[in-house]
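What follows is a short report on a single structure.
Bear in mind these aren't lab numbers, they're just calculated from the coordinates by the rules spelled out. The structure displayed is predicted, hence computed values, not measured ones. Cβ placement follows ideal geometry from the backbone for every residue including glycine, while neighbour counts extend to all protein chains displayed.
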Amino acid sequence: MLIVVGLGNPGREYARSRHNVGFDVLDVLGEKTGIAVSRLAMHGQIGEGFVGGEKLVLVKPQTYMNLSGQCVAEIAAWYKPPRERLLLVYDDIDLPLGKLRLRAGGSAGTHNGMRSVIGQLGYQDFPRLRVGVGKPPQGWELADWVLSHYQTAQERQTQFDAFLRAADVALDYMKNGLDSAMRLANAPQGD
């Protein structure tokens, strides 16, 4: 079993914002696998299905970003996955727009959603797939930047391409393991 949790904020006003990368990747992953992420339970929207005979659970916490850990802790307590089979997907301002990074574990950095998840789980040794949204331009507050929407068609296309790659990385991780998925995610990705 693999559980993929995409971090974001519920509500139409946050849809397709930089902070909702996790939700956007899960939408693509759901389309690729035919799994509808629509059942409300454990403070999240959940979808379950099978890919290549293995169970795949997709989760979008519905608690708002800064409280994401509540949902993730409930999901982990219910499904009891090994730590390496809980994959978190979220935005990262320290990566350029559209760049991916997959790691086996690590700290929350400046990400409040991940801070909540690690705090609620009590451990940080689970894989995370970060999707770059770029640093805020001069004069922008961080909160305003991550809650903003992509400004140009080129930015939207760059991110959509990243969502497609991120979904492929998650599926590769499920099928071939972390090392294979890390090679795919962390490979040079053009300019």
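Give the whole-number value, in cubic angstrom per residue, of the convex hull volume spanned by the C-alpha atoms of the range 92-191. Working shown, then result.
Values: hull volume 10.5 nm³, N = 100.
With only Cα atoms used, the range 92-191 gives 105 Å³ per residue.
Rounded to the nearest 0.05, what FRET efficiency do LEU142 and ALA15 have when you use their Cβ-Cβ distance and R0 = 22 Å?
Details: r = 20 Å, r/R0 = 0.91.
With R0 = 22 Å, the Cβ-Cβ based efficiency is 0.65.
Give me the aspartates and glutamates in straight-line cross-link reach of LYS135: C-alpha distance below 14 Å, same-chain residues under 8 apart excluded. Within the straight-line limit of under 14 Å, LYS135 reaches these aspartates and glutamates: ASP91, ASP92, ASP94, ASP144, GLU155. The separation of the range 5-59 from the range 153-172, counted between C-alpha centres, amounts to 15 Å. Comparing ALA153, ALA15, ALA166 in a Gaussian network model of the chain where C-alpha atoms under 10 Å apart are linked, the largest mean-square fluctuation is found at ALA153.
In a reduced charge model with +1 at each Lys and Arg Cβ and -1 at each Asp and Glu Cβ, the chain shows a dipole moment near 280 debye about its Cα centre.
If the chain linking PHE160 and THR110 were pulled fully straight, counting 0.36 nm for each residue of separation and taking away their Cα-Cα distance, it would gain 15.6 nm. The lysines whose alpha-carbon is closer than 23 Å to the alpha-carbon of LYS175, local same-chain residues fewer than 8 away aside, are LYS32, LYS55, LYS60, LYS80, LYS99. Of THR110, THR63, THR33, the residue with the greatest mean-square motion in the GNM of the chain, using alpha carbon springs below 10 Å, is THR110.
Just checking the listed ones, GLN62, GLN120, GLN157: in the Gaussian network model of the chain with Cα springs under 10 Å, the one fluctuating most is GLN157. Computed from backbone phi with θ = phi - 60° and the Karplus coefficients 6.51, -1.76 and 1.60, the 3J(HN,Hα) list for the range 38-50 is 9, 7, 8, 6, 6, 6, x, 9, 10, x, 10, x, 10 Hz; x is used for glycine and proline.
Using 1/(1 + (r/R0)^6) with R0 = 22 angstrom and r between the beta carbons of GLN124 and ARG183, what's the FRET efficiency to the nearest 0.05? The partial results should precede the final answer.
Details: r = 23 Å, r/R0 = 1.03.
Approximately 0.45, to the nearest 0.05.
Sorted from longest to shortest, the spans of the Cα atoms of the chain along the three principal axes equal 45, 32, 29 Å. Residues in the range 171-186 carry Karplus couplings, in order, of 5, 5, 4, 4, 7, 10, x, 5, 4, 5, 5, 5, 4, 5, 6, 8 Hz; the curve used is 6.51 cos²θ - 1.76 cosθ + 1.60 with θ = phi - 60°, and Gly or Pro positions show x.
Using every pair of distinct Cα positions in the range 1-48, the Kirkwood expression returns a hydrodynamic radius of 11.2 angstrom.
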